[in-house]
Every structure is written in C-alpha cells, then in structure tokens.
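Undergrad: Below is a structure I'd like to ask you about.
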Amino acid sequence: MAPGAAAAAAPEKVLMMRNEELERELRESREREEKARDELRRTAERLRVAEEGEERLCSQLGELEAEAVVQAREYRARVVLLMEQLSQARRLLQAAAISPPAGEDQACA
C-alpha cells in the first residue's frame, strides 16, 4: 500500500474500532435496561401480592372486630342477666326473711 492509502486506512480502522466499541456498549446498555425492566416487573408483582395480602388481612381484621363486638355485647347481656337473677334471689331471700350466708353479701355488693 502506498503511504497515502495507509494513512487514509488508519483513521478508517480507528473509526471501525470505535464503532464496534460503541455497539458493544449499546448492547451492554440494552442488557442492563432489560434487567432493570425485569426487576421492575418483579417488584411490581411483589407489590401487587403484598397489597392483596394487606386487603385480605384488613378484611379479616374487620370481621374479627365485628365478632369481638358481638361477643362483648353477648357477654355484657349475660352479666346483666346474672346480676338481675342475683338481685331477684336476694329479694326472695329477704322476703322469706332468710339471710344470705356470711361474707356473700360483701363479695357481691
């Protein structure tokens, strides 16, 4: 090759090498981008699952709270009923002039 042709080929070779390097960097960048997208999709799926779980737990908690309220009302009604029965028993005992056993009046008063 003539010296002029060799000089012209050198920049072309440098450009080809630079082009290959840029293409490689572009491929690597696209691979990183795809990995990032995959990770984003996985994270979004985990978030969706977590949100669904949270909704189920909130629903269950609401049901348990409602059940607890019902049980508390039933318990209170039972306590009131027992107190009324105890009061009635005391009135009957007083009407019959029978005094309750010692210590029982103080424990229930």
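The values are calculated or read from the model by the stated rules, or taken from the named source; none is laboratory data. Keep in mind that what you see is a predicted model, and the values were worked out from it rather than measured. With ideal geometry, Cβ positions are generated from the backbone for all residues, glycine too; neighbour counts draw on all protein chains shown.
Undergrad: Contact list please: Cβ distance under 9 Å, first residue in the stretch 10-25 and among the polar types (S, T, N, Q), second residue not in a helix (DSSP H, G or I), pairs at least six apart or on different chains.
TA: Final answer for the pair search is none.
Undergrad: Considering only the stretch 1-46, state which residues are at pLDDT below 95 and of a type in the set (Val, Ile, Thr).
TA: Val14
Undergrad: Could you give me the residue pairs with C-beta distances under 6 Å whose first residue belongs to the stretch 84-104 and is assigned to a helix (DSSP H, G or I), whose second residue is surrounded by 10 or more Cβ atoms within 10 Å (Cβ to Cβ) and at pLDDT below 90 wherever it lies, and which are 6+ apart or on separate chains?
TA: Matching pairs, first to second residue: Leu93/Pro100.
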